[in-house]
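J.: Got a structure for you, questions after.
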Amino acid sequence: MIKNKAELKEYIYKDNAYLHEIRDKKCSAIMKRVRDPEYLICKYLKLLRYQEYYINTAGNNKIKKLLALCYERKKHNIGNKLGFYIGPNSCESGLTIYHNGTIIINPQAHIGKNCKFHGNNCIGNKGSCAGVPTLGNNVDIGFGAVIIGDVTLADNIIIGANSVVNKSFTTPGVTIAGVPAKVISETHYNNLHTANK
């Protein structure tokens, strides 16, 4: 949760950080001019972080409350073009979204640090109950995968494309896939565990 300007700057820098290595000023100017989806995704995430900052620091300050609404409106304008709806304060720093295409994250969900979305993802409740997912750090969510209900995912889990996750997975680093999702490989976790020794 962003509580000051230093954290705001950190979150903005870490979101979609992979682009920092491949984008120079000239490239950024061209992307902005042609309204490239990668530019719009970065813009959306930046507006999300400003919205969060003003929500979290507003207190009784009416100007900050108004600024939070302004950033929310700007965020929705771009979100409507990209197909994004990400509730404020639902995602920790290092959020990466690789493609435009529907991304829906319930405002009550909690997404850990450095999580990756490949597009057409939904993180929300089942509709039959109000419970929402809690994801650990470094979770990689494949294209078309959805995570629904009151579930918890451990750190470093990889979710295969088009999977439906409707139960908790508490072993770090496993790969899950299918409808409904199940563990298909523990190799990813074993490699991480060995590398950290």
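The values are calculated or read from the model by the stated rules, or taken from the named source; none is laboratory data. These numbers come from a predicted model, not from an experiment. FYI the Cβ positions are ideal-geometry reconstructions off the backbone, even for glycines, and counts take in every protein chain you see.
J.: Pick from region 158-183 the residues that are touching a His at 6+ places or on another chain (Cβ under 7 Å) and β-branched (Val, Ile, Thr): which of them is farthest from residue 120 (Cα to Cα)?
T.: 174
J.: What residue, among those in region 89-101 that are polar (S, T, N, Q) and modelled with pLDDT of 95 or more, is farthest from residue 1 (Cα to Cα)?
T.: Selected residue: 96.
J.: Given the structure, is residue 45 at pLDDT 95 or above and more than 11 Å from the chain's Cα centre (by Cα)?
T.: No.
J.: Just name the residue that is surrounded by the most Cβ atoms within 10 Å (Cβ to Cβ) out of those in region 75-101 that are under 12 Å from the mean Cα position of the chain (by Cα) and β-branched (Val, Ile, Thr).
T.: Filtering region 75-101 for residues that are under 12 Å from the mean Cα position of the chain (by Cα) and β-branched (Val, Ile, Thr), the one surrounded by the most Cβ atoms within 10 Å (Cβ to Cβ) comes out as 97.
J.: Can you tell me which residues in region 142-164 are β-branched (Val, Ile, Thr) and more than 14 Å from residue 106 (Cβ to Cβ)?
T.: 152, 157, 158, 159, 164
J.: Taking the residues in region 143-181 that are among the hydroxyl-bearing types (Ser, Thr, Tyr) and farther than 14 Å from residue 131 by Cα as candidates, determine which candidate is surrounded by the fewest Cβ atoms within 10 Å (Cβ to Cβ).
T.: 170
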